[in-house]
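The values are calculated or read from the model by the stated rules, or taken from the named source; none is laboratory data. Owing to the predicted nature of the structure, the values given are computational and were not obtained by experimental measurement. Note that we place each Cβ from the backbone using ideal geometry, even for glycine, and neighbour counts take in every protein chain shown. What goes into the accessible areas is simple: the full protein's heavy atoms, side chains included, and nothing from ligands, DNA or RNA. Shrake-Rupley method; radii C 1.70, N 1.55, O 1.52, S 1.80 Å.
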Amino acid sequence: MSVAGITETVQYLTFKLAEEIFAFDVAKVREILELTSITKVPQTPDFMRGVINLRGSVVPVIDLRLNFGMQCTEQTVNTCIIVVEVNLNREILVLGVLADSVQEVVEMEPDHIEPPPQLGAKLNTEFIKGMGKVENTFVMILDIDKVFSSEELSDFQGNTAA
């Protein structure tokens, strides 16, 4: 049984947060950067680690581990920033997402992707597009447009405006 919204083979960038493997649709990924100096912005949520200068543009950097209730991302030789495009009210917002490591780009057939688990009414799993299987390992496919609320992303736009 495949996920209703996924009807064709799609390439996904897989990455690790703690011991779990997650994925973004490669169409949403702009580039992958080595961890660089992040400037903290006052009065932002904890999961917003700060901003980076990406070729003259201010890009907010998000720690998905903190947003998902995990421990803060530790800096290692493999830590990187995945630069993604998020659709916010028909506008594209560019964000950097901290990852413990990037794994690989994989193609997944729709019939290898299961619907997200139903975890009860109180837990929002809308940001999980599906659960893919790669070599007997589950991969949580994230919908980056739904990981953050509109209010949180609007806050980012306001805090990073030059």
Which one is modelled with the lowest pLDDT, of the residues in region 110-145 that are open to solvent by 30 Å² or more (accessible area, probe 1.4 Å) and of a type in the set (Gly, Ala, Ser)? 121
Just to check your reading of the model, which residue among 148, 47 is among the aromatic types (Phe, Trp, Tyr), crowded, with 18+ Cβ neighbours inside 10 Å and either touching a Lys or Arg at 6+ places or on another chain (Cβ under 7 Å) or modelled with pLDDT of 85 or more (or both)? 47
When you scan region 21-127 for strands (runs of 3 or more DSSP E) that lie fully inside it, which ones turn up with 1 or more residues that are within 17 Å of residue 10 (Cα to Cα)? 29-34, 80-88, 101-108
Given (1) in contact (Cβ under 8 Å) with a residue 40 or more places away in the chain; (2) open to solvent by 60 Å² or more (accessible area, probe 1.4 Å); (3) more than 26 Å from residue 133 (Cα to Cα), residue 103 misses just (3)
